[in-house]
Amino acid sequence: MSLLVFMFPTLFVAIFVGVVLVIAGAVSEKMGKKFTATEAVVAVIHFLSLAAVALSLTQIGFTAAEKWIPDLLVDNAWRKQSMIESTRYALSVLIVTAPLYVIILRKSQKTMDAWIQKFMAGAVLLTSGIVALSTLAVLVYNFISGEIGLRFGIQLAVVLLVSGGIAAYYQLHFREKVGKLALLKKFYLLKVVALVIIAVIVGFMVTGGPAGARAERFDDRRLSDLSSMQWQIQSYYEQNKIMPKRLLDLHDAVSGYALPADPRTKAAYEYRVIKEGAEIVNGTERAVAEFELCATFETERTIDSGADAYQKDSTAAYLGGESFLPSYYQGDMSSHWNHGEGKECFTRILKRYEQDVPGTPVPYQTMQAEPAFLE
C-alpha cells in the first residue's frame, strides 16, 4: 500500500492554508496585528514538511511489514519492485524534509503569534485526522479480506504511532499552559528525531541502501550484456549453420558490434558450447545446439511466477516453442534470468529445421525459411 497518493490532497490543503494565511495576514495588518507574509510562508512550509515526514514514516513502516511478513496471495515480483521504489522515494523525502521540519518547528514557536499557531494546529489536526482515518479504513478492509494478522497489526501500530503523536502534540496549542507546551515540544522533537533515525535505518534495510542499489544496477547491466550476446550467438548460428567457437567470433566490424565486458571488473564473460549436432523428429532432421553464458553477480535475483523462490532449473529457459530466446531488459519480471550471488551460468538451446537433407520429408509449416528457435 503506497501512502504517497495522500500527498496530493495534502498539498491541496497546504495551498488552501497558505491562501487563508495570506488573507489573514492582510486583514491583521489593517487591524494593527503583527502578521507578515513571511510568517504565512513559514506556516505553509511547516505544514508541508510535517505532512511529508508523517507520510514517509508511515510508508517505510508499511513496506517493512510487507517485506518481512510476505503474503503469498498478493505478493509478486511487480509488487515487490514497486514496494522497493516507493520506499526509496519515501526515504529520500524523509531525509530532506525531516531536518527542515525540526528547524521550522523550533523557530515557529518563538516567532509566531498564538492565534496563528492555533490555526496551524487546527489545520494539522484536520488533515492528519482525514489521512489517518482513510488509512485505517483501508487497513481494516485488507484485514477482513484475508490480510495476515501480524502484518495488519504492525501497520495499524505504525498509523497509531505517527498520527497519535501528531495529535497529542498539536492539540496542546488549544490549551493555555505555555510552559507545559514548551516542555512537551522538546519531548516531541526528541520523539521525531528518534523515529526518523529508526525509519532511515529500516528503509536502508528494506532497499539495501546505496551500495545494494548500485550492486543491483551492475547485475542488470550484466544480464543485459548476456542477453545481447545470446542474440548475437543465435544470429551467428542462423547465418553460418555452426556455433561460434569463441565469443571473439561474434565481433563484427561491419555492424559495429563489440563484445561487452563485466561493467565493474572489466573481465570477459564466459561462453561454452555444450553440444552441437542434429536429431530426427518425425522424419525431419533438425540441427540442435546447446550453449551457456556465465557471469559473476553481486546480488540474488529471485523472481518466479509462483512463490518467487530461486530455483536453478535449465528448463526455465524454454518458451513453449516460440521462435526466440528469452531476452532481458531493465525491469524484466520473468524467471528466465534468475541467478544467485556469485558465478552463474545460463543454458540455452537452439533448434532449427534443415531444408536441404535429401530424402527427408519436410512438414508444410517448415517449407519457409525459419530462424533458429528455442523449443
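Condition test on Glu292, is it under 23 Å from the mean Cα position of the chain (by Cα) and of a type in the set (D, E, K, R)? Considered against the rule, which asks whether it is under 23 Å from the mean Cα position of the chain (by Cα) and of a type in the set (D, E, K, R), Glu292 comes out as no. Name the single residue, out of those in the stretch 76-88 being crowded, with 16+ Cβ neighbours inside 10 Å and modelled with pLDDT under 80, that is nearest to Ile303 (Cα to Cα). Residue satisfying both the conditions and the ranking: Ala77.
When Phe187 is tested against (1) surrounded by fewer than 17 Cβ atoms within 10 Å (Cβ to Cβ); (2) under 30 Å from Ala268 (Cα atoms); (3) not hydroxyl-bearing (Ser, Thr, Tyr), only condition (2) is not met.
The values are calculated or read from the model by the stated rules, or taken from the named source; none is laboratory data. This one's a predicted model, so the numbers in the text were calculated from it and none came from an experiment. No Cβ is skipped: glycine too gets one built from the backbone with ideal geometry, and neighbour counts run over all protein chains shown.
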